[in-house]
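First the structure, in the form of structure tokens, and then the observations on it.
The values are calculated or read from the model by the stated rules, or taken from the named source; none is laboratory data. Model, not experiment: these values are computed from the prediction. We place every Cβ from the backbone using ideal geometry, glycine too, and count neighbours over all the protein chains shown.
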Amino acid sequence: MPLYKPRTKPSHLTILETLQKRTSLSSKASSDYARWLKGFEGEQRFDHFIEPLANEAYLLHDLLLKKQNTTFQIDTLMITSEKIYLFEIKNYEGDFIYEDNQFYRLPKNEILNPLHQLQRATSLLGQLLKSQGYTLPIEGYVIFINPHFHLYQAPLTPTIIFPTQLTSFLDQLKTSSPLTSFHKKLAEELHALHITDSSLNETPSYTFDNLRKGITCLQCSSLSVEVEGHKCICKSCGAKEKSSQAILRSVEELQLLFPEEKIKTQIVYEWCGQLGSLKRIRSVLQKHFTMKSVNQWAYFE
Ligand SMILES: [Zn+2]
């Protein structure tokens, strides 16, 4: 059975990643970027462990759901024949302590209690499923995925899974009873209820003019790329790329950061730091997009 809802890189992370190549992020935005990246890496690490179970369960990664005006996010949801599992994945690294029902990063910075986050998501999911007419039992777990994580005074609860316990924990979840059309319908309904809401994440403000122009290197991300014939060569790391591919990557960045902007030859040329020629850019755009025009202005879609 294929993975039901695969994980894709969150668009907020892609935007921050693209921005940090072209502007100096504030320290708040930089730490936001680092946090998102770390979270995504942790989720991917977890996926590697759990995806073999996709043969006997429906796996839905990264669900954003809403129950009455409350939005909640689920890192991974797994539907087996008997239960629904909900996994909250934490990629914390370093030493932490659990004290008075709170989690602290040592020396002593309080962090959001992941057990509370899990309880909230489990309870909202339960209400949502009930309103859809489903009564399968739900079990939630906080998964600490980073092998360099340590929790002093860890509470004795089966709800927390530490890196050293992960393999045997997942082995226990294997079941032999088959999934039926009932489970498929449930997976489909939850997938359909998934919402995309970018307004939840605060993006630093930017404009076309205040971003650095040029072609970013696909290997080292620097803007030290120069065009030589039909090739782009990075003066910083030596990476080479076909210039048509580099131009298309740059157009993707432009569309990501400025979704309202129409793709025009002149804009792409400026975005690419006036590398190569207008003629070359126009021919790449003509080959990969459909040309439209409003009045005398041509743009591509
Ligand atoms: Zn490079």
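Can you tell me which condition Ser205 does not meet? The list is (1) more than 16 Å from the ligand (Cβ to nearest atom); (2) within 27 Å of Arg282 (Cβ to Cβ); (3) polar (S, T, N, Q), and all the others hold.
(2)
Please identify the pairs in which a residue from the range 28-43 that is free of Cβ contacts under 8 Å to residues at least 12 places away in the same chain has its Cβ atom under 9 Å from the Cβ atom of a residue that is part of a helix (DSSP H, G or I) and surrounded by 14 or more Cβ atoms within 10 Å (Cβ to Cβ), counting only partners at least 6 apart or on another chain.
Here the result reads Ser30/Leu16; Ser30/Gln20, each pair linking the range 28-43 to a residue that is part of a helix (DSSP H, G or I) and surrounded by 14 or more Cβ atoms within 10 Å (Cβ to Cβ).
Please count how many residues of the range 41-51 are touching a helix residue (DSSP H, G or I) at 6+ places or on another chain (Cβ under 7 Å) and crowded, with 19+ Cβ neighbours inside 10 Å.
Counting residues in the range 41-51 that are touching a helix residue (DSSP H, G or I) at 6+ places or on another chain (Cβ under 7 Å) and crowded, with 19+ Cβ neighbours inside 10 Å gives 1.
Got at least one residue in the range 92-114 being assigned by TED's automatic domain parsing to the domain that holds Tyr152, part of a helix (DSSP H, G or I) and within 23 Å of Lys38 (Cα to Cα)? Before the answer, list the steps.
Here is the first cut: in the range 92-114, the ones assigned by TED's automatic domain parsing to the domain that holds Tyr152 are 92-114.
From what's left, part of a helix (DSSP H, G or I): 114.
Next cut, within 23 Å of Lys38 (Cα to Cα) only: 114.
Checked against the condition, which is being assigned by TED's automatic domain parsing to the domain that holds Tyr152, part of a helix (DSSP H, G or I) and within 23 Å of Lys38 (Cα to Cα), the range 92-114 yields at least one hit.
Among the residues of the range 192-209, are any assigned by TED's automatic domain parsing to the domain that holds Lys21 and more than 30 Å from Ser30 (Cβ to Cβ)?
Yes, the conditions are met somewhere in the range 192-209.
Is there any pair with a first residue in the range 274-294 that is over 14 Å from Ser250 (Cβ atoms) and a second that is surrounded by 12 or more Cβ atoms within 10 Å (Cβ to Cβ) and of a type in the set (Gly, Ala, Ser) whose Cβ atoms are under 8 Å apart and which are 6 or more apart or on different chains, and what are they?
Filtered contacts from the range 274-294: Lys287/Ser244; Met291/Ala298; Lys292/Ala298.
Taking the range 216-253 on its own, how many of its residues are surrounded by fewer than 20 Cβ atoms within 10 Å (Cβ to Cβ), among the hydrophobic types (A, V, I, L, M, F, W, C) and more than 16 Å from the ligand (Cβ to nearest atom)?
Residues in the range 216-253 being surrounded by fewer than 20 Cβ atoms within 10 Å (Cβ to Cβ), among the hydrophobic types (A, V, I, L, M, F, W, C) and more than 16 Å from the ligand (Cβ to nearest atom): 1 in total.
Would you check which residues across the range 176-222 are outside any loop (DSSP other than H, G, I, E, B) and touching a helix residue (DSSP H, G or I) at 6+ places or on another chain (Cβ under 7 Å) and list them?
Ser198
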